[in-house]
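Contents: one structure, followed by commentary.
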Amino acid sequence: MSALLPRPFLSLLVFLTWLGLVGTVDPAHLALAALLAVAVPRFTRKFAPEVFATRRPALAVKLFFVVLWDIVVANVAVARLVVGPTARLNPAFIEVELDMDHPFATALLASIVTMTPGTVSVEALPAERRLLVHALHTGDPAAVAADIKSRYEAPLKEIFGC
């Protein structure tokens, strides 16, 4: 089974995503979804050679909802900022010192920060335990760094045991 489906969860995700995108469950699309579910994980295996086990899957689900909530709240905040006068924007580069050096967890942290409107990860350096973030608007860069560490990094450290 592992030779056919090296990453079963990814295969399931690809299968369901395809069916969701096409919006139908006819035999042709079921066959194409199955083909993609087998092919995509096999062809992308070299991009993530290591499978990372989560130590706290329930915390991963909680983090998902925290990030989802933060994305919604940040969308509203950014919309208010960009509609108003740009002179009131206070952009900043913020260096976040990380307590982890796990490459996958650091990449995931950088992705979470980038998905949240108003912030973007500029540089992620797991070996140096550093993440450089650009914030569209901040009054207190240290508070933004502390927020990233408490809301995202701390749970990621527990999830991946790093």
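The values are calculated or read from the model by the stated rules, or taken from the named source; none is laboratory data. What you see is a predicted model; the values in this text were computed from it and never measured. A quick note on method: Cβ atoms are made from the backbone with ideal geometry, for glycine too, and the neighbour counts reach across all protein chains shown.
Give the residue that is nearest to V66 (Cα to Cα), with candidates limited to residues of segment 106-162 that are of a type in the set (S, T, N, Q) and in a helix (DSSP H, G or I).
Applying the filter and picking the extreme gives S150.
Pairs, please: C-beta under 8 Å, at least 6 apart or cross-chain, first residue in contact (Cβ under 8 Å) with a residue 24 or more places away in the chain and in segment 77-94, second hydroxyl-bearing (S, T, Y) and surrounded by 10 or more Cβ atoms within 10 Å (Cβ to Cβ)?
From segment 77-94, the pairs are N90/T138; P91/T138; A92/T138; I94/T138.
Report the residue count in segment 1-25 for those that are outside any helix (DSSP H, G or I), surrounded by 15 or more Cβ atoms within 10 Å (Cβ to Cβ) and either among the hydroxyl-bearing types (S, T, Y) or touching a residue at least 60 places away in the same chain (Cβ under 8 Å) (or both).
0
Do we have any residue at all in segment 79-91 that's under 21 Å from R151 (Cα atoms), in a loop (DSSP other than H, G, I, E, B) and at pLDDT below 90?
Looking for residues that are under 21 Å from R151 (Cα atoms), in a loop (DSSP other than H, G, I, E, B) and at pLDDT below 90, one finds none in segment 79-91, hence no.
Going by the structure shown, is A28 aliphatic (A, V, I, L, M), surrounded by 15 or more Cβ atoms within 10 Å (Cβ to Cβ) and part of a helix (DSSP H, G or I)?
Taking the combined requirement at face value, the residue does not satisfy it.
Determine if segment 48-71 includes at least one residue that is farther than 28 Å from E158 by Cβ and either at pLDDT below 85 or surrounded by 10 or more Cβ atoms within 10 Å (Cβ to Cβ) (or both).
no
Going by the conditions given, is F104 within 19 Å of G161 (Cβ to Cβ) and without any contact (Cβ under 8 Å) to a residue 60 or more places away in the chain?
Here the answer is yes, as F104 does meet what is asked.
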